[in-house]
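A short write-up of the structure that comes next.
Readers should treat all values here as calculations from the given coordinates under stated rules, not as data from a laboratory. Here the structure is a predicted model, which means the values were calculated and not measured. Reconstructed Cβ throughout: ideal geometry from the backbone, glycine too, with neighbour counts over all protein chains shown.
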Amino acid sequence: MKYKILVIDDDEPIHYLVKSLIGKEYALYHARNAQEAIDILAESRINLILSDIHMPGLSGLQLLKSLRADKDKKNIPILIMTSLPTVEKEQKAFELGAADFIKKDLFNTDKQRIVDLIRMKLVTNVVIDELNHSLEDSKNKLVMSLMDSALLGLFNETVDVLCSELMVLLDAEFVGMWVFGDSNSKLVSQKGGFNLDSVLQNQFMKETGFKKLKDNKSPFFSNHIYEEEYSFYKQESVKANLPAEVVIPIFSINEQGLLSSELKVPETSNLFGAILIKRTGLFSRMEFDLTSKLVIQAGSILWRLYRS
């Protein structure tokens, strides 16, 4: 299945540029004004929109505002394009819920940036029904911060951003990410007051929870690890009064590979790393589902950066 992208622009050359850049990877739909776009959206399930900001009739920003008010279409990521970017336009687009802002000259000067931006936005577009406004806002902020960092191509800095934003999203006391070797692990980032010393950092693959993670290759959580057979740093958690924990695997697959498998990690993908989250407060099922999907799918960005 190819993801469906709707391109909205009254400038015909843009449609040709987009087609030549991503036409083989995605199914493209083309509209020359907002009404044509609305008609297409009524007939087809679109995964992402590339929209010009200046068009006759309804402008790109007006269309964005209207789509964000439509309960059936409000979750479609929208990348706003313009030939004349300004700080004011960008701010307005973000306030209205744009996923990002694309300068049209990038179609000539930095095509890979556009390709990366589209892939990253698709893999981080996690939709959870009944998600409360606070979690939704924090999730959107996390995604934007992650993408801004990832576009710089720096692995460690992007991991730091993800861990920091997860702290905020979940009001956690600790978030850490490890990457795995054949027989050892390396702590890449740790945030919060529950800091692990150099000895404990290297014990991740020796913890009882790692066997469960390795065998099942799926996230799991507990709201009382003190009585659990499989957990991470149990003794230290008891001392710090941190009974609740979530662990989420990250796999050796990039965004393109994950999208081609319809956001389902192939069984052949190896474990690349994991994120461990600890806090005093209990985790709801909604928090676990949101965080698990977001981290696993965003993990494809981390894998690409790590390999580059």
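Values computed for the structure shown
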item: Net lengthening on full extension, S218/A27 (0.36 nm per residue, minus Cα-Cα); result: 65.7 nm
item: Interatomic Cα distance distribution for the range 133-307, bins of 10 angstrom, percent; result: 10, 41, 39, 10, 0
item: Peptides 125-133, 285-293, 183-191 ordered by average Cβ neighbours within 10 Å, highest first; result: 285-293, 183-191, 125-133
item: Normalised alpha carbon radius of gyration of the chain [divisor 2.2 N^0.38 Å]; result: 1.07
item: Percent RCO, i.e. relative contact order, over the range 4-123, from Cα pairs under 8 Å lying at least 6 residues apart; result: 23
item: Whole-number D in µm² s⁻¹ for the range 160-223, Kirkwood Cα-pair radius fed into Stokes-Einstein, 37 °C, 0.692 mPa s; result: 256
item: Segment D171-N132, length gained on full extension (0.36 nm per residue, minus Cα span); result: 12.6 nm
item: Tail beyond 26 Å, pair distance distribution of the range 4-123 (Cα, percent); result: 9
item: 222 nm mean residue ellipticity, helices alone, for the chain (DSSP H n ≥ 4; -39,500 (n - 2.57); rounded to 500); result: -13500 deg cm²/dmol
item: Of A31, A150, A42, the one that fluctuates the most in a GNM where the chain has Cα springs shorter than 10 Å; result: A42
